[in-house]
Each structure stands twice: as structure tokens, then as C-alpha cells.
Amino acid sequence: MDDMIIKKDKLPKWSSELSDYKIFAPHREDDVVIFKEMKNVNKVVLHYANSVMPPKEIFFPQTQELFKYEKSPEMKVSEAELPLEKVLLFGVRPCDARSFLIMDKLFYWDYEDHLYKQARDNTVIIGLTCTSPHHNCFCTSVGGKPYSNEGLDVLMTDLGDRYYVEVLTEKGEDVIRKPDELFSKPTDKDRKERGEIWEKAESEVTKNVEVEGVHDKLGELFESKYWDEKSRTCVGCGICSFLCPTCHCFDITDEDCGNCGRRIRTWDTCMIPEYTVHASGYNPRPGKKNRLKNRVFHKFRYFPDRFDAIACVGCGRCISKCPVGIDIVETLEEVKEVEEVEE
């Protein structure tokens, strides 16, 4: 698949040619960047560190109907309609694109979630290289790069007045072919400039942690007093998991309105005590230390054991938005240095 160049002033024309797609792109609202449906290409923000909320809700909505029912004159159950519309997810950062592959491992695991899969199959993902990584980004520590193309159909790199467009899949090729008069072939100068931008971006990821050995060390620290001290400042707000692009916990709720109702799933978080309360009233994770420990274990031990992948892409959202300054990179560094182990 050939690489291409598109001038920035041709983006409006390109987007107009893709009218058969529902396009979601980053927008700035109240000084934060979020992904929302694009109505005006001039409102799209393409120079940003990262969105506050990850775009995973395109595939895994915060609230999603699973089925609905009617009780009269006889019980009738209707499954949720599959998401059939074609979606173009535009301007995704490489870390978030990698998170989709991690989510796939869960939703395609022992049961293939048909709602999630349909949304994934219907979506073309166009990524945007990080040219100025945020100071809390640490993607290179967990296998990523500011210019990673994993999980993407197209990767674009900002070259100033134009974008270098790397076409990676057939789905990506389809959105480039349609308005092919808008694209041109890259020159050697373009390729050299892209390489320099990639090298500079990677050098600016200065927050790093060596994760090798963390998995095994965690296995020794399940009962360590370290977790008591580390969790002392945690307020249990759950913002770290709600903003995490790979967290996938959800709750199931039945909403009844008399003769009808529906079952929905909504995002949930293991960082609040109610999440693990049994019907008996027993809670296996009653304290903050149990819940914070579980979050670290899940991402760097449990998930790797089950799926052979770290459940973290180094986006840094949990660090930037934690109200008490708990830093997952510092936590991992401390874990490696803990010597006290309780049996």
C-alpha cells in the first residue's frame, strides 16, 4: 500500500467526500479535548497532547442497551440492534489505537461480544502521530511509540502544511482511494522529514520505567505492607479507571417500567468498594489498599498471565488526572525496590 501526502487545506474536501461515514474526531470544549461526532471539520482539533476521555466508547459505550422486553400481552424479548453505521474515527493517538487491540483480547475471549465486534468491524481508524508527547506519557515503556501504527488503518504525521499518510490496511485504503485526486506521492524530502519528527518525538518521551521483572516481583508482594502505605492518600474516586483506555469493567442493570423494560451495561470501576460486594454482604476487597493493589496487579500481572499483554499503553491519563497525585510509573519503580515481604 502506497504512502501519500495530503495538504492541510484539502482536509475539508476529503471529509466531504466521506459522507457515507459517521466521523468522530477530537474537539476542544471548555479547554479539554474530547472525541465527538464531527459536524464541521473546522472545529476539529489536531494539535493536542491527548483527549481527556479515551475514544474507546465508540466500541464500548458508557451505557449500552443489551436487550429490551415487553410483558403484555405476552413476554417479548428483543435484542439490541447491532451498530450498522460506518464510522471513521479520526485523529486517534497511537497509544489509544494500541488500547483497542488490548480490549479486543477481552471482548473476543471466551465469548465474542457481538455488539463490540460489530462496532469494531464497521470502524476505520485514522491515527495521528504524537509530535509533542505530554510530560506524563510513557508509551515507550510498555511497548509503544509516539508513531506506532498498531491497531490503525491509516497513520498521519504532521509535516507543517501537509500530512504524511501511511496506509496500513484495506479499510484504510478505501478511505484514501475515494478522493484520490486530493493525495500525492511523498518525496524523499517528505520521508526524511517524517523520520526526523518521529525521532524527535520519541526522544521527548522522558517518563520511563523498566517493566521487565515487575510481573514476577508483584507475585512476591501480594501481602506486602507496601500497599497500605501506597493507598493511604487514595480517595477511591475511580478516575484512573474511568479515564483508562484499557479498563473494561462494567455493571449490568435491569430498568423496569411496569409492562416493559431493558437490560443495560454501564462502565464500572474496581476502585470503589461496591464493585466487589457479594450478595451475602462479604467484600473480598474491603479497603483502598486491596483495590489499588488489584488495579496494579490486573494491568501488570493478571492480564499478562491470561492474554500475554500488559493492560497499559502509557497514555498517562491516570497520572495527569489523579486528584492526589498517585503515579503508576512511580508505583512500578517502587514495587521493584520493595524488600519487605509478608507471608
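Values for this structure:
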| item | result |
| --- | --- |
| Alpha-carbon centroids, the range 194-209 and the range 8-81: separation in whole Å | 30 Å |
| Those lysines that a straight Cα-Cα span of less than 23 Å connects to Lys189, excepting residues fewer than 8 apart in one chain | Lys7, Lys8, Lys10, Lys145, Lys200 |
| Once the Cα gyration tensor of the chain is diagonalised, semi-axes √(5λ) in Å | 36, 30, 16 |
| DSSP bridge pairs, the chain: antiparallel proportion in percent, nearest 5 | 75 percent |
| Pairwise Lys count, the range 47-142 - Cα closer than 15 Å, eight or more residues apart or different chains | 5 |
| Those lysines that a straight Cα-Cα span of less than 19 Å connects to Lys289, excepting residues fewer than 8 apart in one chain | Lys217, Lys225, Lys230, Lys299, Lys336 |
| Simple label model, 7 Å out from Cα along Cβ direction - Cys237 to Val52, nm | 1.1 nm |
| Cα convex hull of the range 176-309 - mean projected area over all directions, nm² | 16.3 nm² |
| Per DSSP, loop chymotrypsin sites (Phe, Trp or Tyr not before Pro) in the range 76-114 with at most 14 further Cβ within 10 Å | Tyr108, Trp109, Tyr111 |
| Of the chymotrypsin sites (Phe, Trp or Tyr not before Pro) in the range 200-265, those whose Cβ has at most 16 other Cβ within 10 Å and which sit in DSSP loop | Phe222 |
| Label-reachable residues, the range 218-250, where backbone N falls under 14 Å from a point 7 Å from Ala80's Cα toward its Cβ | 249-250 |
| Helix-only CD estimate at 222 nm, as mean residue ellipticity for the chain, using -39500 (n - 2.57) per DSSP H run (n ≥ 4) | -7500 deg cm²/dmol |
| Qualifying chymotrypsin sites (Phe, Trp or Tyr not before Pro) in the range 282-326, DSSP loop, other Cβ atoms within 10 Å at most 13 | Tyr282 |
| Taking the C-alpha atoms of the range 56-207, convex hull volume expressed per residue in Å³ | 145 Å³ |
| Length released on extending from Arg191 to Asp161, taking residue separation times 0.36 nm less the Cα-Cα span | 9.3 nm |
| Dipole axis of the range 210-343 (+1 Lys, Arg; -1 Asp, Glu on Cβ), positive-most option in Cys318, Gly287, Asn259 | Asn259 |
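Read the figures in this text as sums done on the coordinates, not as results from a lab. Source: prediction; values computed, not measured. All Cβ positions, glycine included, derive from the backbone under ideal geometry; neighbour counts span all protein chains shown.
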